[in-house]
Structures are given as structure tokens and as C-alpha cells.
Amino acid sequence: MSKKAEFFYYVIPSVLAFALSGVYAIVDGFFIGNSIGDAGLAAINIAYPVTALLQALGTGIGMGGAVQYSIHRGKAQNGNPQDYFNTTILLLFSVCLLTMALLTLTIHPLLSAFGARGELLTMGEEYLRIIVLGAVFQIFGTGFIPLIRNMGGSMAAMYAMIAGFLTNIIFDYLLVWVLPYGLSGAAAATIIGQGVTMAVCICYFIKVRTGFSFPSLSAAKTAATSILRIALSPFGLTFSPNIILILMNKFAMLYGGEDAVACYAAIAYITMIIVLLLQGVGDGCQPLISRYYGQKAFAEVRETKRLAYVTAGFIALACMILLFAVRSDAAALFGASDTVQREVAEILPYFIAGFLFLAFVRVTTSGFYATEKNNFAYILVYAEPVMLFLLLLAVPRFWGITGIWIAAPLSQMITAGIALAAKKYDAAKSPLTNTYDSCNMES
């Protein structure tokens, strides 16, 4: 298989899987919005960051373990890849227990901090009580996917996500539309879908005879430290859109009330798929980058990054054109009112403007954590929400609610500038491994 063919063998299933996870994320909004209306859509939008936190924890730990697994399979690395697999499983289980205990006690104050009041608060609590009970399915379901992908099972990872996605749709239909369980039904459908994904992943591990055994204490300590050091980046990369969601909801409530939150809910659902598509490119090329990096095959690392930038840029540009063309009808999918649909049509172009910047940042960040350059990855992961927060404090004072919408693409533009500076600094610091990559970026 040629290097380009191998790249697309990994990336295409990853992009498709993330596309499905994006649709997965909006399915609840579709059924609830068309069943309950703007209030239900706003409530599930405010509550969703807690669901995303569980998924981000699983993704972060799973990706941290997957990166180390790939690197230690490289010819130039010492160490046992199985120790990293075993330790990843133990970390996922520990996080399950911890988050279930903490979130059960903090649902009400968390939603209040996110800006929920009155009916939105009540509906949000109804949704999250079920989600927290199923935390084990969310965390393991998302944590197993990067492990499978790094073991060469890109197609199996995609099938696992498809199985969960279809299950979620079926149970959303049954528990929200056929049986009137409302937000509780939507939450139950989500965790059942993740449970199916988890089950398919376990079947894959059994098929390839991965096995599990408790590592020695010293091996587990070494592996856990390495996994968690990397995990902070993919965790942040997965959860940062939800930090942005929290900030945007909070300021939208302050400047525009529940109507503005409902409007942003529709936009968040629409743009979430594009964000996940771009993450799919980054996560899809990560196994190759980590493997080549472990083998010290730096020319292959650079070529893989180049292909990833081109692919992500093409996807971003295509999505910009498509969403601009359908902007007037986009919110109707979620049962939004006519007023919200008109507002979304006016506001969506602001968010579309940031897609190319976002594509560059996502691939750059994945490239950094795939090659253990964690400090650069940390900076890029958390730069966008920090920039957005600072802009939200200032810009709406001059332009009101419009300033909130303007702040989103501005924060992505600034973060892209930081990413470019980080790449150039890294290229100057490590010319042997980065010269070709730096030349590509300058051109």
C-alpha cells in the first residue's frame, strides 16, 4: 500500500466515524426540538457539556493510551505496548467511578453555573440524571475507539460508531416520539447507543485476542504518567468546543435571553458536525504519525501532516459553501420557531467564517500530541476558549448580541495565528524533523 493510500485508509473511516458522532450528537436535538420546541432545544444545549465531558474524558485517556501504544510498537522504541493497553483500561475504569460520584452530587449547581434558570434548569436536570447513570458506557465507548484505530482497526472503529449511532436513532424515536419520555428518553437513547458501541469494541478486542492483565505497579505508574501527559491534549481538543458552548450560552443568555440561547443551540448543532469532521482528519492521521515518529521516519511524518492539512482544508471549504447555501433552512431541522430560523440564517455566516482557521488548528494540534510535543498541544487546545472568553468580555459591550457572534470566528483566527507561530518555532528548534513541514506552511 502506498503512503497516500495508507493515509486515506486511516483517515476516511475516521472522518466518517466522526461525522456519525456529529450526527449522533444532534439526534437528541432533532427529536427533542421537534417534540418540545425551542425550550427543549435550549435545555438540552445547556446540559450537553456534561455529556461531552464524559465523552472527552474517554477520548482523552483512550487517545493517550493509543498514542503510546503506537509509538512503542515502533522499531526505535523500547517498552511493551501491552502495558499501555492494560493501563489505559484501568484508567478508564477509575475515571468512570470518580465522575459518576462527583457529577451525581453536582448536577444542579453545574447547570446553574451554565446559566440555566427555571424551566430550563428543571429540564436539564431531567436529562442529566440519566446521562450520569450511564457514564460507564460513555467513557468506555469513546475510550475504546482510538485504541482500536491504533491497532489497525479503523474500519472496526467506524462500524462500532455506526452501530451506536443507529441504536441511538431507534431509541430516540421510541422513547421521545412513540413513548412520551421527553428528555429522559433522549438521555436513555444516548447511553444505550454508547453501550452498543462499547460492546462492539469489546468484541473486536476478543477477536484479535488483545487480552488484559494487571500490569506491574512500576509498569503501570510509568505508563499512566505517559498516557495522562498526552491525554490532556485530546481531552481538551474534544471538550474545548463545549467550553465554548458554555461561554456562548452564558453570554447569549445575558445579552439576548432564552431566544438567543435557542438560536445558538441550532447553530451549535449545525457547526458541531464540521468541527468533528476536522477532528476526524486529525485523529485519523494520528496513528500513522505516531508510528512513523516511533520509527524515526520523519519524512513520512511530514508527508502525512501535509496530506492532513490539504484534506482538512478541502473539507472546511466544502462545508463553508454548503452551509452558506442552506443557511435559511438549516434551523428547521431542529423544529426551531420561524423567528429562530430567521435569526440563524443571519448569524450562521459569522461562524462559517472560522472553519478554515479551525481546520489548520485541529491538524496542527493533533500533529503535536501525536509526536509527544505536549506543551505546544496544550497551548493550542486551550487558546481558543481563552481567547473567546476575553473577546466576549469586550466585544459585546460595543455591538451587543452581534458582538457575541463576531467573537467566535475572531477567537479561531487568533488561535490559528498562535498555531502558525508554534509551528515555526518548533521548526526552528528541530530543523531535522520539521524543515519540510515548515516550508509547506510558509508556502
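Cβ-Cβ contacts under 6 Å between residues 6 or more apart (or on different chains), taken from a first residue in the range 167-193 that is without any contact (Cβ under 8 Å) to a residue 12 or more places away in the chain and within 11 Å of S35 (Cα to Cα) to a second residue that is assigned to a helix (DSSP H, G or I) and open to solvent by less than 40 Å² (accessible area, probe 1.4 Å), are listed as Y181/L175. Screening the candidates F30, F7 for the property of being more than 17 Å from the chain's Cα centre (by Cα), under 24 Å from G195 (Cβ atoms), in a helix (DSSP H, G or I) and at pLDDT 70 or above yields one hit, F30.
Which one of these is surrounded by 23 or more Cβ atoms within 10 Å (Cβ to Cβ), more than 13 Å from A422 (Cα to Cα) and not aromatic (F, W, Y): V361, V386, V381, V340?
Working: V361 fails: more than 13 Å from A422 (Cα to Cα); V386 fails: surrounded by 23 or more Cβ atoms within 10 Å (Cβ to Cβ); V381 fails: more than 13 Å from A422 (Cα to Cα).
Every option except V340 fails the conditions.
Could you check the range 206-225 and list, in sequence order, the residues that are surrounded by fewer than 20 Cβ atoms within 10 Å (Cβ to Cβ) and either among the charged types (D, E, K, R) or part of a helix (DSSP H, G or I) (or both)? Within the range 206-225, I206, K207, R209, L217, S218, A219, A220, K221, T222, T225 meet the criteria. Being modelled with pLDDT of 85 or more, assigned to a helix (DSSP H, G or I) and under 30 Å from L120 (Cα atoms) holds for only one residue in L183, L147, L166, and it is L166. No other residue among I71, I89 is open to solvent by 10 Å² or more (accessible area, probe 1.4 Å) and either more than 27 Å from G153 (Cβ to Cβ) or modelled with pLDDT of 80 or more (or both) apart from I89. Applying the condition of being part of a helix (DSSP H, G or I) and of a type in the set (A, V, I, L, M) to the range 169-179 and asking which residue is farthest from the chain's Cα centre (by Cα) yields V178.
Here R327 meets the list (1) touching a residue at least 12 places away in the same chain (Cβ under 8 Å); (2) assigned to a helix (DSSP H, G or I) almost entirely, failing just condition (2). Take the residues in the range 294-328 that are over 24 Å from G367 (Cα atoms) and β-branched (V, I, T); name whichever of them is surrounded by the most Cβ atoms within 10 Å (Cβ to Cβ). It comes out as V326.
So, in the range 169-178, of the ones that are β-branched (V, I, T) and open to solvent by 50 Å² or more (accessible area, probe 1.4 Å), which residue ends up modelled with the highest pLDDT?
Initial filter on the range 169-178 (β-branched (V, I, T)): 169-170, 176, 178.
Next cut, open to solvent by 50 Å² or more (accessible area, probe 1.4 Å) only: 169-170, 178.
Details: I169: 87, I170: 91, V178: 84.
Only one residue fits best here, namely I170.
Restricting the range 152-163 to residues that are in a helix (DSSP H, G or I) and out of contact with any Leu (no Cβ under 8 Å at 6 or more places or on another chain) leaves a set whose member that is most open to solvent (accessible area, probe 1.4 Å) is Y159. The combined condition, being more than 27 Å from A265 (Cβ to Cβ) and among the acidic types (D, E), is fulfilled by E372.
Taking the numbered list (1) modelled with pLDDT of 85 or more; (2) under 25 Å from the mean Cα position of the chain (by Cα) in turn, D83 passes all entries but (2). Residues in the range 260-293 that are open to solvent by 20 Å² or more (accessible area, probe 1.4 Å) and over 17 Å from the mean Cα position of the chain (by Cα): R291, Y293. Among the residues of this structure, A231 does not count as one that is closer than 30 Å to T365 by Cα and over 20 Å from the mean Cα position of the chain (by Cα).
When A66, A156, A163 are checked against the criterion of being without any contact (Cβ under 8 Å) to a residue 60 or more places away in the chain, in contact with a Ser or Thr (Cβ under 8 Å, 6 or more places away or on another chain), within 22 Å of G280 (Cα to Cα) and not β-branched (V, I, T), a single residue qualifies: A163.
Among the residues of the range 126-151, how many are among the charged types (D, E, K, R) and either buried (at least 24 other Cβ atoms within 10 Å of the Cβ) or free of Cβ contacts under 8 Å to residues at least 24 places away in the same chain (or both)? I'd like the intermediate steps shown before the answer.
Initially, the range 126-151 is screened for residues among the charged types (D, E, K, R), giving 126, 129, 149.
Restricting the remaining residues to those that are either buried (at least 24 other Cβ atoms within 10 Å of the Cβ) or free of Cβ contacts under 8 Å to residues at least 24 places away in the same chain (or both) gives 149.
So the count comes out to 1.
The values are calculated or read from the model by the stated rules, or taken from the named source; none is laboratory data. From a predicted model like this one, the values you see are computed outputs, not experimental measurements. Every residue, glycine as well, gets a Cβ built from its backbone with ideal geometry; the counts of neighbours run over all protein chains shown. Quick note on the areas: whole protein, heavy atoms, side chains included, nothing else; ligands and nucleic acids left out. Shrake-Rupley method; radii C 1.70, N 1.55, O 1.52, S 1.80 Å.
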